[in-house]
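The values are calculated or read from the model by the stated rules, or taken from the named source; none is laboratory data. Keep in mind it's a predicted model, so treat the numbers as computed, not measured. Methodologically, a virtual Cβ is constructed for each residue, glycine included, from the backbone with ideal geometry; neighbour enumeration extends over all protein chains shown.
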């Protein structure tokens, strides 16, 4: 069982994924990484979430950045969204992650700031 599951919407987000991974490794947290597009592979995402025993999810996504919100709608566990800079410098992704409806919380960190997502996950795990 892993403590943190990092889910990225695309392999193109790998540089951002590595930032979170570095912090988790440094702090000896157990984690795993999945790449899954919520738009192209919704059934696969459902299976990943169903099979996961992770305590916290870090979701990394750009453009419409629906991944963190969809994950939050399907779990009661903490979800941290990392917006990826892309077309509008990441502002589009940041707003998609931050503007969630009531009852579907997603913590949002700064654009490309996966390090803070990992630090927040570590703090959540210590509670």
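Summary table
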quantity	calculated
Residue list for the stretch 80-127, restricted to those being out of contact with any helix residue (DSSP H, G or I) (no Cβ under 7 Å at 6 or more places or on another chain) and outside any helix (DSSP H, G or I)	85, 87, 88, 89, 90, 99, 101, 102, 103, 113, 127
All positions within the stretch 95-114 that are surrounded by fewer than 17 Cβ atoms within 10 Å (Cβ to Cβ) and closer than 12 Å to residue 60 by Cα	110
Residue that is modelled with the lowest pLDDT [pool: residues in the stretch 79-94 that are surrounded by fewer than 20 Cβ atoms within 10 Å (Cβ to Cβ) and closer than 21 Å to residue 20 by Cβ]	86
Meets criteria (exposed (fewer than 15 other Cβ atoms within 10 Å of the Cβ), more than 17 Å from residue 107 (Cβ to Cβ) and within 14 Å of the chain's Cα centre (by Cα)) for residue 14	yes
Pair list, Cβ under 6 Å, 6 or more apart: the stretch 110-127 residue in contact (Cβ under 8 Å) with a residue 60 or more places away in the chain and at positive phi, other residue assigned to a helix (DSSP H, G or I) and surrounded by 18 or more Cβ atoms within 10 Å (Cβ to Cβ)	112/16
Unmet criterion (only one of (1) under 19 Å from residue 37 (Cα atoms); (2) touching a strand residue (DSSP E or B) at 6+ places or on another chain (Cβ under 6 Å)) for residue 73	(2)
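Per-residue answers, yes or no, for (1) in a helix (DSSP H, G or I); (2) in contact with a helix residue (DSSP H, G or I) (Cβ under 6 Å, 6 or more places away or on another chain); (3) over 24 Å from residue 73 (Cα atoms):
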site: 2; (1), (2), (3): no, no, no
site: 6; (1), (2), (3): no, yes, no
site: 18; (1), (2), (3): yes, no, yes
site: 28; (1), (2), (3): no, no, yes
site: 34; (1), (2), (3): no, yes, no
site: 38; (1), (2), (3): no, yes, no
site: 44; (1), (2), (3): yes, no, no
site: 48; (1), (2), (3): yes, no, no
site: 53; (1), (2), (3): no, no, no
